[in-house]
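Visitor: I'd like to ask you about the structure that follows.
The values are calculated or read from the model by the stated rules, or taken from the named source; none is laboratory data. Keep in mind that this is a model prediction, so the values were computed, not measured. Don't worry about glycine lacking a Cβ; one is built from the backbone with ideal geometry, like all the others, and counts go over all protein chains shown.
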Amino acid sequence: MLKKETDENLFIDKVVHISRVAKVVKGGRRFSFSAVVVVGDGQGKVGFGLGKAHEVPEAIRKGVERAKKAMIEVPLLDGTIPYQVHGRFGAGSVLMKPAAKGTGVIAGGAVRAVIEAVGIHNVLTKCIGTNNPHNVVRATIDGLAQLQSRDQVAHKRGIKAEELTT
């Protein structure tokens, strides 16, 4: 877990996956790298980026830059998500359920990186379909983007947050 300070915000960078890609040319093979990176502030903001370059550190740097530009806001409720949500992208599908305090992050690989970067401490997840890190990260971000806070729901309905039943 790398931490970088930018614009007085503390960001958590996580490299989810690095691929080595070969391009066959006349003289042999040319190798380049692609890196899937997740960036979050640990307090409800998260984004992901894909960086490609001839060296691994440069690919990671490009991924971090893209991730910072594509950050979304996620409503959190006592260290977990407010309700169950199902995110989808391509053949990847991720089911996320809120969990009680002390449960921890029950998630694997790519989903764990996104969940920890956003700052969720208790959640249950299940990857359905593909386990391709690109699609799983996008499906997780899709699910988190669907979440709405009580205030947002009340505003859409045109009532006060206190009027919503629990």
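Visitor: Go through the range 40-53 and give me each residue that's assigned to a strand (DSSP E or B) and either of a type outside the set (A, V, I, L, M) or over 16 Å from residue 119 (Cα atoms) (or both).
Guide: Filtering the range 40-53 for residues assigned to a strand (DSSP E or B) gives 40, 45-53.
Passing the criteria: 40, 45, 47, 48, 49, 50, 51, 52, 53.
Visitor: Listed residues 24, 37; which is surrounded by 14 or more Cβ atoms within 10 Å (Cβ to Cβ), β-branched (Val, Ile, Thr) and in a strand (DSSP E or B)? Write out each step before concluding.
Guide: On the way: 24 fails: surrounded by 14 or more Cβ atoms within 10 Å (Cβ to Cβ).
Only one candidate passes the filter, namely 37.
Visitor: If residue 155 satisfies all but one of (1) of a type outside the set (S, T, N, Q); (2) farther than 18 Å from residue 38 by Cβ; (3) surrounded by 15 or more Cβ atoms within 10 Å (Cβ to Cβ), what's the number of the condition it fails?
Guide: So the condition that residue 155 fails would be (3).
Visitor: What's the number of the only condition in (1) of a type outside the set (Phe, Trp, Tyr); (2) under 22 Å from residue 149 (Cβ atoms); (3) surrounded by 13 or more Cβ atoms within 10 Å (Cβ to Cβ) that residue 84 fails to meet?
Guide: (3)
Visitor: Exactly one condition in (1) among the charged types (D, E, K, R); (2) free of Cβ contacts under 8 Å to residues at least 60 places away in the same chain; (3) buried (at least 19 other Cβ atoms within 10 Å of the Cβ) is false for residue 14; which is it?
Guide: (2)
Visitor: Please list, ordered by first then second residue, the pairs with beta carbon atoms under 8 Å, 6 or more apart or interchain, first in the range 136-165 and farther than 19 Å from residue 76 by Cα and outside the structural domain of residue 118 (by TED's automatic domain parsing), second modelled with pLDDT of 85 or more and surrounded by 15 or more Cβ atoms within 10 Å (Cβ to Cβ).
Guide: These pairs meet every condition: 160/154; 163/154.
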